[in-house]
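**Q** I have a structure I would like to understand better, so I am pasting it below and will then ask my questions one at a time.
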Amino acid sequence: MPAPQTANQASTPAPGRPGRIVVKIGSALLANTSRLTPRYGFIQRLLEDIARLRSQGHDVILCSSGAVALGMRVVGAEPGSAGLSDKQAAAACGMPQLLNAYKQVGYEFDLEIAQILLTLGDFEDHRRFLNTRNTVHRLLESRIIPIVNENDTVTTEEIRVGDNDRLAAKIAQMVEADHFVILTTVDGLYDRNPSEPGAQLVEEVSDVSAYLQAASGKTTLGTGGMLTKLQAANMAQNAGVTAWIAHGDVDRPVSSVLSGERRCTKCLPNPQPASMWNSWLADRLQMAGHLVITDEAVARLSGNHPIHRDDVLSMDGDYSRGDVLHIYDREGVERARGLTDFTSEETRVMIANPDLPADQLLGYQTHAEIIRANNLVRLEGHHLPWDAPDDEAPQRRVVPRGGGTAG
């Protein structure tokens, strides 16, 4: 592992102007591990700190786990062995408990609270993404604290976001936050497993990919570990947001991080952040499909060129028009992500029959640009991979160019 980078956290200033802060809270902080009941002491310390930040003019958005954990006792399930239906039922029981706890404690600090439940589609569909963004902004205008959570009562393994770390990072991108604070049960990122002798806290990092091997393990109650926190931090970095990973079970859990008063990991923002549109395109929560393109097409990516059907060597996935595809070179290196103008079936027909005009194959006029230039984001080497083509996948799923016939 690389040597840990250090920084004088005490020299890190608290936000000097009113800013926007997204705080993600893990399940282990909100639910008592043995009794699976709300940890009111933590919630009180958290909301007292939020009220303090609000009095300084900051906007705060909470992304809260905990509903599934709090509902486990009610449905008679164990966190370690619960199935999907158990978790959905537990979420239905635990969500009222969680919101009630926030409401009860919030009244003490004169905080108004609103709940926003989201699914993967609310992030992957751009119109729903903008509608969610508008709702969050309207709540903030009214000085109401949005509490965001994945809607675990209806999601399945195939369509769920997967963890609230990445959900929170998407919210940070969505609202153009200044700070993204991930509160967990460890001090931050370590250069190796924290249980190993000699493990050292990484206090400041710009390239989180150097520490992926050290990011393993998860809590009993949570669905993510340090890996998902690094992925979430990377998403925030790419949008120009400073990300922090810190222990949450302390007094002033958020403001003490931002003021540099305690140990934590600070993930520096990209000095040249992507636009919101490019962030939405590049930082996906689920792969719809992928293309492998020619060396010549890879070279043209830097010149704002589209991906034409003649550029595609092979493809995989079942996707719809408007889904985002991952673009790979021959060596399996991901080079770009972009919004497709064609369905997977249309793409298969076009690349399997390169000698026939696309108009004739599809039955309508088209330039056969799989991804237009303005819907394509070239990856600059600072995006962590989410998924990759599965080398073990059956070859029948991958359609090579010229590998089939129309109809």
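**Q** Find the residue count for segment 54-88, including only residues that are touching a residue at least 60 places away in the same chain (Cβ under 8 Å) and either among the aliphatic types (A, V, I, L, M) or not assigned by TED's automatic domain parsing to the domain that holds ASP165 (or both).
**A** Number satisfying all stated conditions: 7.
**Q** Something else now. Any residue in segment 356-376 that's free of Cβ contacts under 8 Å to residues at least 40 places away in the same chain and farther than 14 Å from VAL312 by Cβ: show its pairings with residues that are in a loop (DSSP other than H, G, I, E, B) and among the hydroxyl-bearing types (Ser, Thr, Tyr) at Cβ separation under 7 Å, as long as the two are six or more apart or on different chains.
**A** ASP359/THR366
**Q** Let me ask you something else. Can you name the residue in segment 38-85 that is under 17 Å from THR185 (Cβ atoms) and polar (S, T, N, Q) and, of all such residues, is surrounded by the most Cβ atoms within 10 Å (Cβ to Cβ)?
**A** Applying the filter and picking the extreme gives SER65.
**Q** Follow-up question, since we're still on this one. Of all residues in segment 93-108, which are of a type in the set (A, V, I, L, M, F, W, C) and under 22 Å from ALA168 (Cβ atoms)? If you could, list the steps in order and put the result at the bottom.
**A** Quick first cut of segment 93-108, residues of a type in the set (A, V, I, L, M, F, W, C) only: 93, 95, 98-99, 101, 105.
Correct list: MET95, LEU98, LEU99, ALA101, VAL105.
**Q** While we're on this one: Among the residues of segment 72-127, how many are touching a Ser or Thr at 6+ places or on another chain (Cβ under 7 Å) and of a type in the set (Phe, Trp, Tyr)?
**A** Residues meeting the conditions: 0.
**Q** Assuming MET315 fulfils every condition listed in (1) farther than 30 Å from PRO269 by Cα; (2) without any contact (Cβ under 8 Å) to a residue 40 or more places away in the chain; (3) not in a helix (DSSP H, G or I) apart from one, which condition is it?
**A** (2)
**Q** Further question on the same structure: With the condition kept exactly as written, say whether any residue in segment 2-23 is of a type in the set (S, T, N, Q) and either at pLDDT 85 or above or on the phi > 0 side of the Ramachandran plot (or both). Before you say what the answer is, go through the steps one by one.
**A** Going residue by residue through segment 2-23, those that are of a type in the set (S, T, N, Q) are 5-6, 8-9, 11-12.
This time we only want the ones that are either at pLDDT 85 or above or on the phi > 0 side of the Ramachandran plot (or both), so: none.
Scanning segment 2-23 turns up no residue that is of a type in the set (S, T, N, Q) and either at pLDDT 85 or above or on the phi > 0 side of the Ramachandran plot (or both).
**Q** Still on this structure, please answer the following. Anything in segment 208-253 that is part of a loop (DSSP other than H, G, I, E, B), modelled with pLDDT of 85 or more and over 23 Å from ALA67 (Cβ atoms)? List them, or say none. Talk me through it step by step, then tell me what you get.
**A** Within segment 208-253, the first condition is being part of a loop (DSSP other than H, G, I, E, B), and the residues that meet it are 215-217, 219-224, 239-241, 248-253.
Those left that are additionally modelled with pLDDT of 85 or more: 239-241, 248-253.
Within segment 208-253, ALA239, GLY240, VAL241, VAL250, ASP251, ARG252 qualify.
**Q** When you scan segment 362-375, do you find a residue that is in a helix (DSSP H, G or I), in contact with a strand residue (DSSP E or B) (Cβ under 7 Å, 6 or more places away or on another chain), closer than 29 Å to LEU268 by Cα and not β-branched (Val, Ile, Thr), even just one? Talk me through it step by step, then tell me what you get.
**A** First, the residues of segment 362-375 that are in a helix (DSSP H, G or I): 362, 373-375.
If we keep only those that are in contact with a strand residue (DSSP E or B) (Cβ under 7 Å, 6 or more places away or on another chain) as well, we get 375.
Then drop every residue that is not closer than 29 Å to LEU268 by Cα, which leaves 375.
The next check asks that each one be not β-branched (Val, Ile, Thr); those that pass are 375.
Yes.
Conditions tested, residue by residue: (1) charged (D, E, K, R); (2) over 14 Å from ASP311 (Cα atoms); (3) modelled with pLDDT of 90 or more; (4) in a loop (DSSP other than H, G, I, E, B).
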{"position": "THR347", "(1), (2), (3), (4)": "no, no, yes, no"}
{"position": "LEU356", "(1), (2), (3), (4)": "no, yes, yes, yes"}
{"position": "GLN360", "(1), (2), (3), (4)": "no, yes, yes, no"}
{"position": "GLU380", "(1), (2), (3), (4)": "yes, yes, no, yes"}
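**Q** Could you run through segment 320-371 and say how many residues are of a type in the set (D, E, K, R) and under 25 Å from HIS126 (Cβ atoms)? I'd like the intermediate steps shown before the answer.
**A** Of all residues in segment 320-371, those of a type in the set (D, E, K, R) come to 321, 323, 329-331, 334-335, 337, 341, 345-346, 348, 355, 359, 369.
Next, from what is left, pick out any that are under 25 Å from HIS126 (Cβ atoms): 321, 323, 334-335, 337, 341, 345-346, 348, 369.
Residues flagged as of a type in the set (D, E, K, R) and under 25 Å from HIS126 (Cβ atoms) within segment 320-371 amount to 10.
**Q** Determine, yes or no, whether ALA101 is within 20 Å of VAL60 (Cβ to Cβ) and either surrounded by 19 or more Cβ atoms within 10 Å (Cβ to Cβ) or of a type in the set (D, E, K, R) (or both). Talk me through it step by step, then tell me what you get.
**A** Working: within 20 Å of VAL60 (Cβ to Cβ): yes; either surrounded by 19 or more Cβ atoms within 10 Å (Cβ to Cβ) or of a type in the set (D, E, K, R) (or both): yes.
Yes; evaluated as a whole, the condition is true for this residue.
**Q** Looking at VAL324 and the list (1) of a type outside the set (Lys, Arg); (2) buried (at least 18 other Cβ atoms within 10 Å of the Cβ); (3) at pLDDT 90 or above, which single condition is not satisfied?
**A** Of the numbered conditions (1) of a type outside the set (Lys, Arg); (2) buried (at least 18 other Cβ atoms within 10 Å of the Cβ); (3) at pLDDT 90 or above, the odd one out for VAL324 is (3).
**Q** Hey, another quick one. Exactly one of these conditions fails for ASN131: (1) in a helix (DSSP H, G or I); (2) closer than 25 Å to GLY94 by Cβ; (3) at pLDDT 90 or above; (4) not hydrophobic (A, V, I, L, M, F, W, C). Give me its number.
**A** Condition (2) is where ASN131 drops out.
**Q** Take the residues in segment 159-194 that are over 28 Å from ALA82 (Cα atoms) and among the acidic types (Asp, Glu), then tell me which one is modelled with the highest pLDDT.
**A** Out of the qualifying residues, it is ASP178.
**Q** Got at least one residue in segment 95-106 being closer than 17 Å to ASN149 by Cβ, small (Gly, Ala, Ser), in contact with a strand residue (DSSP E or B) (Cβ under 9 Å, 6 or more places away or on another chain) and not in a helix (DSSP H, G or I)?
**A** Scanning segment 95-106 turns up no residue that is closer than 17 Å to ASN149 by Cβ, small (Gly, Ala, Ser), in contact with a strand residue (DSSP E or B) (Cβ under 9 Å, 6 or more places away or on another chain) and not in a helix (DSSP H, G or I).
**Q** May I ask you to verify whether THR156 is at pLDDT 80 or above and of a type in the set (Val, Ile, Thr)? Even if it seems obvious, please write down each step before you answer.
**A** Working: at pLDDT 80 or above: no; of a type in the set (Val, Ile, Thr): yes.
Taking the combined requirement at face value, the residue does not satisfy it.
The values are calculated or read from the model by the stated rules, or taken from the named source; none is laboratory data. No experiment lies behind these values; they were computed from the predicted model shown. All Cβ positions, glycine included, derive from the backbone under ideal geometry; neighbour counts span all protein chains shown.
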